[in-house]
Amino acid sequence: MPKEFGRNQRVGQFIKEELSVLIQQEFPMNQYGMITLTNVNVSPDLGSATIFVTILNSESSESGKSSLTSTIQAREKLVEELNKQKGHFRQELSRILTSRGVPTLLFKYDESIERAQRLTDIINSVSHNDDETSG
């Protein structure tokens with residue numbers, strides 16, 4: 001019977017836990033907001049890992065739609081900074097990880113939370129409009 005979680009999933013979970021701590025130390029909350037790792041996908045050969053990040057509680061996301069471009073710029077800057085530091089993060093992970101090699105890291109911004117929020121807003125506005133027309 002196959003294992004419920006493959007080795008690449010266990011390595012991904014380990015990377016997620018350790019990188020969360022490292023990123024919070026390297027990137028203070030006042031610069032970007034709270035940086036959250038949402039998922040880590042590790043290739044089956046353990047050669048590469050894609051780390052999905054999102055920014056929560058950032059000032060730009062709280063100020064509304066008028067600062068959409070600044071929010072996008074902040075996301076792009078964050079991903080760029082994380083990818084610049086990926087060698088450092090990989091080196092730190094190699095000190096902790098007991099396997100022979102450490103996967104190559106690639107950071108990407110996870111838009112799924114924002115998409116879900118937009119869908120929730122649309123659903124709420126439709127249901128709110130239905131309540132007004134039926135009343």
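Kindly state, to the nearest 0.05, the FRET efficiency for residue 86 paired with residue 121, given R0 = 30 Å and r defined as their beta-carbon distance.
My answer for the efficiency is 0.30.
When nucleic acids and ligands are ignored and a 1.4 Å probe is applied, residue 20 ends up with an accessible area of around 40 Å².
Label-to-label distance for residue 24 and residue 56 is 1.1 nm, based on points extended 7 Å past Cα in the beta-carbon direction.
The values are calculated or read from the model by the stated rules, or taken from the named source; none is laboratory data. Please read all numbers here as calculations on a predicted model, not as lab measurements. So basically every Cβ, Gly included, is an ideal-geometry build from the backbone, and we count neighbours across all protein chains shown. For the accessible areas, the whole protein counts, side chains as well, though only heavy atoms, and no ligand, DNA or RNA atoms are used. Shrake-Rupley method; radii C 1.70, N 1.55, O 1.52, S 1.80 Å.
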